[in-house]
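Just so you know, all these numbers are worked out from the coordinates, no wet-lab data involved. Small disclaimer: the values here were computed from a predicted structure and weren't measured. No Cβ is skipped: glycine too gets one built from the backbone with ideal geometry, and neighbour counts run over all protein chains shown.
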Amino acid sequence: MALLEVKDLEVNYGVIRALKGINFHVNKGEIVTLIGANGAGKTTTMQSIIGLIPIKSGHVIYNDQDITKTPCHKLVKLGMSQVPEGRRIFQELTVYENLMMGAYSIKKNVTFKDDIEMVYKRFPRLKERKNQIASTLSGGEQQMLAMGRALMSHPDILLLDEPSMGLSPLLVTEIFDIIQEINKEGTTVLLVEQNAKKALSIADRAYVLETGSIVLEGDAKEMMNNDDIKKAYLGE
Amino acid sequence: MEILETLINGLSIGGTYAMIALGYTMVYGIAKMLNFAHGDVIMVGGYTIYVVMAQTGYPLIGLAAAILFCMILGVTVEKLAYKPLRGASPLAVLITAIGVSYLLQSTAQMIFGSSPKMVTLLDLGNVKLGSLKIQWNVIITLIASFVIMLILTLFVKYTRTGRAMVAVSEDKGAAQLMGINSNAIITLTFAIGSALAACAGFFMLMKSPSLSNTMGAMPGIKAFTAAVIGGIGSIPGAMLGGILIGIVEAVSYKITVIAPYTDAIEFLILIIILLVKPSGILGKKRREKV
């Protein structure tokens, strides 16, 4: 069953058609990846799903509920959490306070202490730096914080926008291992990536986005062996 | 002893400026706009105190009414005038704010006329400590404004809502991703700023009982100057800037030769700060996001 379904989604920036009516879905428990080059519309897709940029036409269905017009701040409560492109952690707040913000949507939070311990367990580096101002963290730590922050609201689906951006290959591998772990523990994942090789290696299914349209979709493992994909995105 | 007196006077004037500057800086930090109608909220607070005082005779009831009325006014102005312009060019918002400023001043003039009204709030006389002689209202203003600043600092630093305010001021989009209703935070910011302006109006009337429809204009501009000197968007910056301007004012009034040029000196400090450190004393350089 589809947990998240995007139907004929169109987004314009002024006269530029950023998304020309795309369709895709994410089933419960899956890792689905949206790959494509710079400017293909990946981040636009992510931001319009979560309500940060206005949609021209089309629908976003989540858990059988039309959330096309639901304001961003209400989606967290419904179980949708996003790690935005560029991480966008709160630089002036401490690591701990960032995680606190991640749980903002839960009013009477009885599990807060356990949740934060769970995040610290997953990202031990964050525990070491819990009272540090977030702007002093390294790129990898900031990515971990952004992911930890997103997990604090117990999401059913995690939307990850370019988690590998600016990270060393070693860290990318670490982050992707963690994404797989999170998924195994029951969180559905929609992953947007420029690093197609990495993304396809952990995903169940994939969509290829090119200048605002989906040009290919299918099983992630099969796509890794597709000659066109190899040439265009995997550099082989 | 005279130096100490001047210093206490300066801190007291500065406390009042800081109250107003906080409104400018918080609104700028969170809604990213310069609310040039903020000074006139002081005036509205003043008239509210005047009306309620005439009815009840109790200054504190006047203050409570002023705080409440100014909060409603601030939130209403934000909803009607500024919210529809969110995302519009900063110039459009700025001009709208100036328009709101004139609207408030003219409305007050229509209702209360153009001749100043007198409000005597509290006449407590002086306090004498050895050879030190200070007016009670100076002491009250000083203590009250510092207590309010302390409460505000604790609120922003240690409450969930306060931290959410910092989050919204830093990245509205990311804050929304956390489930923070940024519109609600903006509303709250206008309410707090207006309440502080009402308090400033009360302090000003304690100092000098004359009330006119332009009474908020000059303190508004000076508090804005203070906010910029401290670093606009920074809460401790607004406090520091306000106190600094207050002390400069008190000292300058004491020196006969330069006393007439006090306002000019205050704005000169602004120019110097802008030349030396354009982001203000405690202002941060905003790093561009990658």
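Values as computed for the structure displayed
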| item | result |
| --- | --- |
| Gyration tensor (alpha-carbon) shape descriptor, region B:72-175, a/c threshold 1.5 | oblate |
| Modelled FRET efficiency - R0 56 Å, A:Arg125 with B:Ala54, Cβ distances, 0.05 increments | 0.30 |
| Karplus-derived HN-Hα couplings along region B:78-86 (A = 6.51, B = -1.76, C = 1.60, θ = phi - 60°), whole Hz, x at Gly and Pro | 4, 5, 7, 9, 9, 4, x, 9, 5 |
| Computed lengthening from B:Ile265 to B:Arg160, 0.36 nm per intervening residue step minus Cα-Cα distance | 33.7 nm |
| In range of the label at B:Ile72: residues from region B:20-50 whose backbone nitrogen is under 18 Å from the point 7 Å along Cα→Cβ | B:41-50 |
| Simple spin-label estimate for B:Lys284 and A:Glu222 in nanometres, 7 Å along Cα-Cβ | 4.9 |
| Label-point separation, B:Ile111 to A:Glu117 (7 Å along Cα→Cβ), nm | 5.7 |
| For a label point 7 Å along the Cα-to-beta-carbon line of B:Lys32, residues of region B:199-232 with backbone N under 18 Å | B:232 |
| Chain B: relative contact order in percent, alpha carbon pairs under 8 Å with at least 6 residues between | 37 |
| Residues A:Ala37 and B:Leu150, FRET efficiency given R0 of 51 Å [Cβ-Cβ distance, rounded to 0.05] | 0.45 |
| Estimated FRET transfer efficiency (A:Val215, A:Asn27; beta-carbon r; R0 30 Å; 0.05) | 0.90 |
| Share of Cα-Cα pairs in region A:2-234 lying beyond 31 Å, as whole percent | 19 |
| 0 to 90° range, to nearest 10: angle between helix A:112-122 axis and chain A longest Cα axis | 70 |
| Signed unit charges on C-beta, dipole axis of chain A, positive-most listed residue A:Leu34, A:Met152, A:Met165 | A:Met152 |
| Hydrodynamic radius of the protein assembly as shown per Kirkwood, over alpha carbon pairs, in Å | 25.7 |
| For region B:16-216: rounded, prolate or oblate by the Cα gyration tensor [a/c cutoff 1.5] | oblate |
| Per-residue [θ]222 nm for the protein assembly as shown (sum of -39500 (n - 2.57) over DSSP H runs n ≥ 4, rounded to 500) | -17500 deg cm²/dmol |
| For region A:136-142, Karplus couplings with θ = phi - 60° (6.51, -1.76, 1.60), whole Hz, Gly/Pro x | 8, 7, 6, x, x, 5, 5 |
| Euclidean distance of C-alpha centroids, region B:35-84 and region A:97-152, integer Å | 41 |
| Exposed-loop-free span, longest in chain A, where trypsin sites (Lys or Arg not before Pro) count as exposed if DSSP calls them loop and at most 11 other C-beta atoms lie within 10 Å | A:109-236 |
| Contact order normalised by residue count of region B:21-114, Cα under 8 Å, 6+ apart, percent | 34 |
